[in-house]
1. Need the C-alpha centroid separation for the stretch 60-108 versus the stretch 174-234, integer Å.
2. How much length, in nm to one decimal, is gained on full extension between residue 331 and residue 199, taken as 0.36 nm per residue of separation minus their Cα-Cα distance?
3. Given Cα positions, please report Rg to Rh for the stretch 166-276, the hydrodynamic radius being the Kirkwood one.
4. Say a paramagnetic label sat at a point 7 Å from the Cα of residue 395, along Cα to Cβ; which residues of the stretch 237-267 have their backbone N under 16 Å from it?
5. Taking the Cβ of each residue in 245, 230 as the centre, tally the other Cβ atoms inside 10 Å and list the residues starting with the fewest.
6. Please work out how much length the chain gains when fully extended from residue 295 to residue 322, using 0.36 nm per residue of separation minus the C-alpha to C-alpha distance, in nm with one decimal.
7. Which distance in nm do the two modelled labels at residue 369 and residue 62 give, with both placed 7 Å along the Cα-to-Cβ direction?
8. Which of 384, 195, 368, 221 has the fewest other C-beta atoms within 10 Å, and how do the rest follow up to the most?
């Protein structure tokens, strides 16, 4: 009896052990099969630029890992190494990681910087490393990483805003051939990184696109988000004054300095300026002083008048006087009647000297002594007016100069000095 009961219990224990073994094996197989079917996490890496300057680019990265499985996942020692095409490292991001619950996602964030060190950012390579997997009992499953990187670094240098410039030109001393100019260029750099300016060439053109002046300015560094003034001086041809409007062209090469990488491009700017009047450029009026002198004598046909115009030029340049005319009129009780006209030959008003122009005309006796109706035989005054066009050689525009003087007829005194009001305006 006892022996039979022992045999029965032995058979039951064996049966239970076999059942447990079968369940254990089936459980392991099931776990193994399930683990083998675990999918790789979906990983997206986004980058947000916080700061760009000449030394570095500060970036905040968001690493979004989505666990699509029914098991928790563990992320360890995640790193993103960014190198150039030549293999030089420009930035490395390291994240400690953590646990991602089943069917959940987790975002890891960290801030770090890129330094290009002279390398082009156009072809960057990012290598992602890390330990991602699940661990159930003594069964461990390592998962591959499928990464989608959304990067804004490669095209960062293309987001370059060309500096703007305001060109101011002041005309200075005038000579026989040129006018000195002072140039001031105010650059504005709208970028968050420095821009280096080299080889500034300024060309001044007239309305026919003909060059009347060219100069070069020494460049400099335009600091980020700032104004920088660059000054220089040069010359333009005297012919520039023939134009009403002058066109100013600025050409320069600009180098953007972004996180240690230099990218060069050209700057082309155009503006227009008004041409100054000649009287604004001369240190004194034109001329400073002038005197009309008359020498009269009787002749067969009337009074012979030899008129001398003395022009005193205090400037360092000479002028050309053209179309010089003399007009003599009699004045009777504020009534004016022309009695004679004449011309004086063109000539040069010498620099820093007194120049004399002489002309001759005949005043008929009948126009002097036959009065107008109700007038006197002898006029109250004789009015002498001299007009001329004054310019500088090479200029098309002229000054119109008018001078008027008065004398009486008492003996027609020789060497009569007239008053000398001078009016000047453009024609």
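Just so you know, all these numbers are worked out from the coordinates, no wet-lab data involved. Worth saying up front: this structure is predicted, and the values here are computed from it rather than measured. Here the Cβ positions follow ideal geometry from the backbone for every residue, glycine too, while neighbour counts run over all protein chains shown.
1. 51 Å
2. Numbers: separation 132, 0.36 × 132 = 47.52 nm, distance 6.69 nm.
Result for the pair: 40.8 nm of gain on full extension.
3. On the way: Rg = 15.4 Å, Rh = 14.8 Å.
Rg/Rh for the stretch 166-276 comes to 1.04.
4. Only 237-246 pass the distance filter.
5. Details: 245 11, 230 18.
If I rank by nearby Cβ atoms, fewest first, I get 245, 230.
6. 7.4 nm
7. 11.2 nm
8. On the way: 384 23, 195 27, 368 20, 221 14.
Arranged by neighbour count, lowest to highest, 384, 195, 368, 221 become 221, 368, 384, 195.
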